[in-house]
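Right, one structure below, let's go through it.
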Protein chains: 2
Amino acid sequence: MERLNRKERVAAILKILSDNPNKVISLSYFQDNFSMARSTLSEDVTILKKVVEDIGVGIVETVAGPTGGVKFIPKMKDEDKFEFLNELCNKLTSSDRIMPGGLIYVNDVIFSPEITNKLGILFTNYFIDKQPDYVVTVETKGIPLAMMTARYLNVPLVIVRREARVTEGTTVSINYLSGSTKKIQTMSLSKKAINKGSRVVFIDDFMRAGGTAKGIIELMKEFESRVVGIGVFVEAKTDRKLVNDYISLLTLEGVDEHEGKIIIRPNK
Amino acid sequence: MERLNRKERVAAILKILSDNPNKVISLSYFQDNFSMARSTLSEDVTILKKVVEDIGVGIVETVAGPTGGVKFIPKMKDEDKFEFLNELCNKLTSSDRIMPGGLIYVNDVIFSPEITNKLGILFTNYFIDKQPDYVVTVETKGIPLAMMTARYLNVPLVIVRREARVTEGTTVSINYLSGSTKKIQTMSLSKKAINKGSRVVFIDDFMRAGGTAKGIIELMKEFESRVVGIGVFVEAKTDRKLVNDYISLLTLEGVDEHEGKIIIRPNK
């Protein structure tokens, strides 16, 4: 790489940090690649801290010690968050989304890379302090959202299947009761998927009574691991939930099939 | 936003472009947000073109005309690509990955955000000129990879289901013959998912005979749409494929269960 001047180098360092969210990159990596002195690098990092704060996209953090360096953590400002969630609610209230049984069509929203990317940043902001080792989801519709969250938390994604598959080797399966339909359901996960003693965050697109989340808590016990956070995009308003401690971004208050009305609001 | 000096501004512009891959952002957006003259912005863009080329992460492109502006397209250099694919092959040849029936365990690789992120950039490089309107995949294991590809191509992701679901409204289902097992399989997609006359890229984690890819081509015909590209992470070496025109990154030459050997190589 040819020697870059300061304005080029500052942009280059931010690009590299931003492409590796929540990953500590050693100072010597930058010193070697950009042939620069430690003091110059410190000045560049100071500039970057100001830039990301100024445009409100996250924070650049210096990590001290022998394994130290610098890392970028994406963040969304509160005002941007509420604007974004309000826009989503507006999008989701159009009456042609109403499906039989009081359900709403959300695939275009939860499969949109632009939207799930932002949702992934939001969940990262909620769960980064929990220091998870994995993001876990259950197939199928929550996968894009869980993937983006895993990307920004910089941990592996784990996808729990509805039935055991031959490509997963030895699996652990549990049966659980769906909270709303009261049907027995199965979930299955490869024994290789999660190390013992892990901390996991469970991400899903939708929560009704919370049966799936409760199932995941049980399944993780089989792996001697612990659910340290639960995040869902939309929760349906219900009398009671089977889990207490969770984050939901939107609440579906109700769907009126006759009137063609959907009531959905962002949570505080 | 307070006024940034040039080195801060250049970094800020690159961050914004890079967070919105393959999306044209108007020059006036930057002029308004950073209160700068058009000529100054042009100079900044020239600097950025040099930076991204220099560190080998993509290209910054100026788009002329009334809907014009500037956009960032991520790219991986050929040398980085071959190093990356070789590393993946090394990772994938460890004998504890062998599953019954000559299959190999790949979930940790295809669910790793760091790896799928890079694979998404590779597929974007292959398919961006096809100007797709959607990235399509079939549940479940290819979803993270398809999501990352959709993110960098900046198009919606579409997930085809194995069976029709009530949350998808009216669906179109087709039956197709699995190329390797010769079993009848079903795939199903909401009628809302794809507009008529669309161009789609199909992304999947694994291809044996290509039955699923062929099924997707048939399914897209029902939507009066066309598959303009097929990309798979790993293809198994087979006598013949049911589709001709596809990109695969790695070829699984063979698995020797007795010897505990996996032969897998990057494609040229």
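The values are calculated or read from the model by the stated rules, or taken from the named source; none is laboratory data. Just so it is clear, the structure is predicted and the values come from calculations on it, not from any experiment. A quick note on method: Cβ atoms are made from the backbone with ideal geometry, for glycine too, and the neighbour counts reach across all protein chains shown. Heavy atoms of the whole protein, side chains included, go into the accessibility calculation; ligands, DNA and RNA do not. Shrake-Rupley method; radii C 1.70, N 1.55, O 1.52, S 1.80 Å.
Can you give the extra length, in nm with one decimal, that the chain gains between A:ASN90 and A:GLU61 once fully stretched, where that is 0.36 nm per residue apart less the Cα-Cα distance?
Full-extension gain reported as 6.9 nm.
Which whole number of Å³ per residue matches the convex hull of the alpha-carbon atoms in region A:51-103?
126 Å³
So, by mean Cβ neighbours within 10 angstrom, what's the order for A:192-200, A:260-268 with the highest one leading?
Listed from highest to lowest mean packing, they are A:192-200, A:260-268.
Hey, quick one: spin label on B:ARG6, modelled 7 Å out along Cα-Cβ, who in region A:3-21 has an amide N within reach, i.e. under 16 Å?
The answer is A:4-12.
Inside 10 Å of the C-beta atoms of A:166-172, what's the mean count of C-beta atoms belonging to other chains?
So the per-residue partner count for this stretch is 4.
Cα to Cα, under 17 Å, and not fewer than 8 places away if on the same chain: which lysines meet these conditions relative to B:LYS71?
A:LYS15, B:LYS15, B:LYS23, B:LYS49, B:LYS50
Mean residue ellipticity at 222 nm from the helices of chain B, using -39,500 (n - 2.57) per DSSP H segment of n ≥ 4 over the full residue count, to the nearest 500 deg cm²/dmol?
-11500 deg cm²/dmol
Provide the per-residue ³J(HN,Hα) series for region A:236-250, in order, calculated from phi with Karplus coefficients 6.51, -1.76, 1.60 and θ = phi - 60°, each as a whole number of Hz, with x at glycine and proline positions.
8, 5, 9, 5, 8, 10, 7, 10, 9, 9, 8, 10, 10, 8, 10
Summarise the partner chain shielding of A:140-151 as one whole number: the mean count of Cβ atoms from other chains within 10 Å of each residue's Cβ.
Whole-number average of other-chain Cβ neighbours for A:140-151 is 6.
What are the label-to-label distances in nm, one decimal and shortest first, from B:ASP245 to the same spot in the other copies, with labels 7 Å along Cα to Cβ?
5.5
Per-residue accessible area for B:THR62 at 1.4 Å probe radius, Å² rounded to 10?
80 Å²
At a Förster distance of 60 Å, what's the computed FRET efficiency of B:GLN131 paired with A:THR46, Cβ-Cβ distance as r, to 0.05?
With R0 = 60 Å, the Cβ-Cβ based efficiency is 0.90.
Provide a whole-number value for the mean count of partner chain Cβ atoms within 10 Å of the Cβ atoms in peptide A:35-45.
That works out to 0 on average.
How many angstrom lie between the C-alpha centres of region B:19-66 and region A:187-254?
Centre-to-centre (Cα) distance: 42 Å.
Measuring from a point 7 Å out along Cα→Cβ, what nm distances, shortest first, does A:SER39 have to its partners in the other copies?
3.7
Roughly how far apart, in whole Å, are the Cα centres of region B:128-179 and region A:160-182?
So the two Cα centres are separated by 23 Å.
Packing-wise, with mean Cβ within 10 Å as the measure, how do A:148-158, B:116-126 rank, highest first?
Top of the packing list down: A:148-158, B:116-126.
Which order do peptides B:65-73, B:180-188, A:128-136, A:19-27 fall in by mean Cβ count within 10 Å, highest first?
Per-residue mean Cβ counts within 10 Å order the peptides as A:128-136, A:19-27, B:65-73, B:180-188.
So what J values fall out for region B:152-163 if you push phi through Karplus, 6.51 cos²θ - 1.76 cosθ + 1.60 with θ = phi - 60°, rounded to Hz, Gly and Pro as x?
7, 7, 6, 9, x, 8, 10, 10, 7, 9, 6, 9
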